[in-house]
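As structure tokens, the structure follows; a few thoughts come after it.
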Amino acid sequence: MNFTIITHVTHYKENSHLLGYGPYVKEMNIWFKYVDNVTIVAPLSEEKTSKIDLAYQHSKIRFEKIPTLAFNTPLCILKSTLNLSFVFWKTFKAMQNADHIHLRCPGNVGLIGCFVQVLFPNKIKTAKYAGNWDPKSKQPWTYNLQKYILNNTFLTRNMQVLVYGEWENQSANIKSFFTATYSDYEKEAIKKSDLNLGIEFVFVGSLVTGKNPMYALQLINSLVIKGTKVILNVFGEGPERDNLENYIQENKLKDFVFLHGNQNQDVIKKAYRKSHFVILPSKSEGWPKVIAEGMFYGCVPLATNVSCVPFMLDNGKRGILLEMNLENDLIQIENLLLDQTNYLNVGKLATEWSQNYTTEVFETEIEKLVIK
């Protein structure tokens, strides 16, 4: 079987290895266990890899390089417009030779894949929609267009679209799904330190406005002002780093907030083990793996009410749904800190739920999608 992936994920070559964004590659390596040959249509960068990147694990990978498509500046718009026909052609040829077509959405390349797959109604297809599938959410029109095409059983045939959460009025194409990071053998009993000895928060993710790391710092600053013994460890890189560093300096938080940059999974896992809370005040998510990962190791999640997050947190029974109102969210956090028994119970519920979604369970479901 020739398994063909159409994705916007930027790739890198290092020696004889092909690498990409770690969480994505780790997932794809599970899919690869059940296929003979892999074709990847994606952008390739000449830059050096980072600690967050991983290598694919398959002996027969064919890589088809396409230019990055971006429409955020006039120059990018011009370049991407000129490259569109080439990307369409590359995508068409790859799908023509595919036995199983796999789209990664949402994204500009994914949108092209949505259009081109219409020409191959009889081929087996899957799509992973990693964003927010909520039909009522406000999203870019290109995202809504991808959702419309994928959900339409006339335009999109022989396709299973994996989405996060369960939503009303969806077509037969749509399959509620999940993702996983840790395996059964990584389950362990986690004993958190007493809250009275100090409370640790962890933020893991890109330092971009969409993930809202600044709100995490504002929460910590408010707790510090009130005399609560807290620290926040931030893992990730991005354009917001300078703003975060300035905020830390202006509010004298250098003893309370630590920016660690991108780190590998072992470092992140250790951070989850010792943290009491995992925080992600994101504006939009699909299935926030960071929240599920933190819950796996007993962290109480603090996350915004977007996408399938209310399902993950059982509407607040397994964590705190942030209102993005500093005063109200502080009250929620402080109420939990004042009741250590309740805190431990919420953490236990979070762990029990998250540990149902292991890589073994995930792999079993993937196998069903690939082998027919």
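A short reminder: the numbers here are calculations on the coordinates, not readings from a lab. Given the structure is predicted, the values throughout are model-derived calculations rather than measurements. No Cβ is skipped: glycine too gets one built from the backbone with ideal geometry, and neighbour counts run over all protein chains shown.
Between the Cα long axis of helix 359-370 and the first principal axis of the chain there is an angle of about 20°, rounded to the nearest 10. What the phi angles of the stretch 304-321 give under the Karplus curve with 6.51, -1.76 and 1.60, with θ = phi - 60°, is a coupling list of 6, 7, 10, 6, 8, 4, x, 5, 4, 9, 6, 6, x, 6, 10, x, 10, 8 Hz, glycine and proline written as x. Exposure proxy for F362, F88: other Cβ atoms within 10 Å of each Cβ, ordered fewest to most, give F88, F362. Between the helical axis of 141-151 and the longest alpha-carbon principal axis of the chain there is an angle of about 60 degrees.
Where Lys and Arg each count +1 and Asp and Glu each count -1, what net charge lies around Q355 among other residues with Cβ under 13 Å from its Cβ? The answer is -3.
Judged by the ratio a/c of the largest to the smallest principal axis of the C-alpha gyration tensor, the stretch 170-231 counts as oblate, that ratio being 1.5 or greater while a/b is no larger than b/c. Checking the Cα-Cα distances for K128/K187; K128/K211; K192/K348; K283/K317 against a 19 Å cut-off, the pairs over it are K128/K187; K128/K211; K283/K317. Net charge in the neighbourhood of F120 (other residues with Cβ under 13 Å of its Cβ; Lys, Arg +1, Asp, Glu -1) is +3. With a threshold of 26 Å on the Cα-Cα distance, the over-threshold entries among K60/K125; K13/K138; K125/K269 are K13/K138; K125/K269. Other residues with beta-carbon under 15 Å from the beta-carbon of Q57 carry, at +1 per Lys or Arg and -1 per Asp or Glu, a net charge of -2. Residues whose amide H comes within less than 5 Å of that of V204, counting only those at least five positions distant or on another chain, are F235, I279 (H built at 1.01 Å from N in the peptide plane).
Report, to the nearest 10°, how far helix 22-32 tilts away from the longest principal axis of the Cα atoms in the chain, using its own Cα long axis and a range of 0 to 90°. Approximately 50 degrees, to the nearest ten.
If the chain linking K368 and K51 were pulled fully straight, counting 0.36 nm for each residue of separation and taking away their Cα-Cα distance, it would gain 110.9 nm. From the square roots a ≥ b ≥ c of the eigenvalues of the alpha-carbon gyration tensor of the chain, which class results: rounded (a/c under 1.5), prolate (a/b over b/c), or oblate? Taking the square roots of the gyration eigenvalues as a ≥ b ≥ c, the chain is prolate. In this simple spin-label model, placing a label point 7 Å from the Cα along the Cα-to-Cβ direction at both Y185 and K252 gives a separation of 5.0 nm. Determine which aspartates and glutamates satisfy two conditions relative to K226: a Cα distance under 15 Å, and not lying fewer than 8 residues away in the same chain. Leaving aside aspartates and glutamates fewer than 8 places away in the same chain, those within reach of K226 are E327, D329, E334.
DSSP finds beta bridges in the chain, and of those with both partners inside it, around 10 percent are antiparallel. Cβ crowding within 10 Å ranks W133, W141 as W141, W133, fewest other Cβ atoms first. By other beta-carbon atoms within 10 Å, ranking W167, W89 with the fewest at the front produces W89, W167.
Entry note, the chain: the mean residue ellipticity at 222 nm calculated from DSSP H runs of n ≥ 4, each adding -39500 (n - 2.57), is -11500 deg cm²/dmol after division by the residues and rounding to the nearest 500. Cross-link check: pairs K229/K270; K26/K48; K79/K289; K48/K191; K175/K274; K90/K136 evaluated at a Cα-Cα cut-off of 27 Å; pairs beyond the cut-off: K79/K289; K48/K191; K175/K274; K90/K136.
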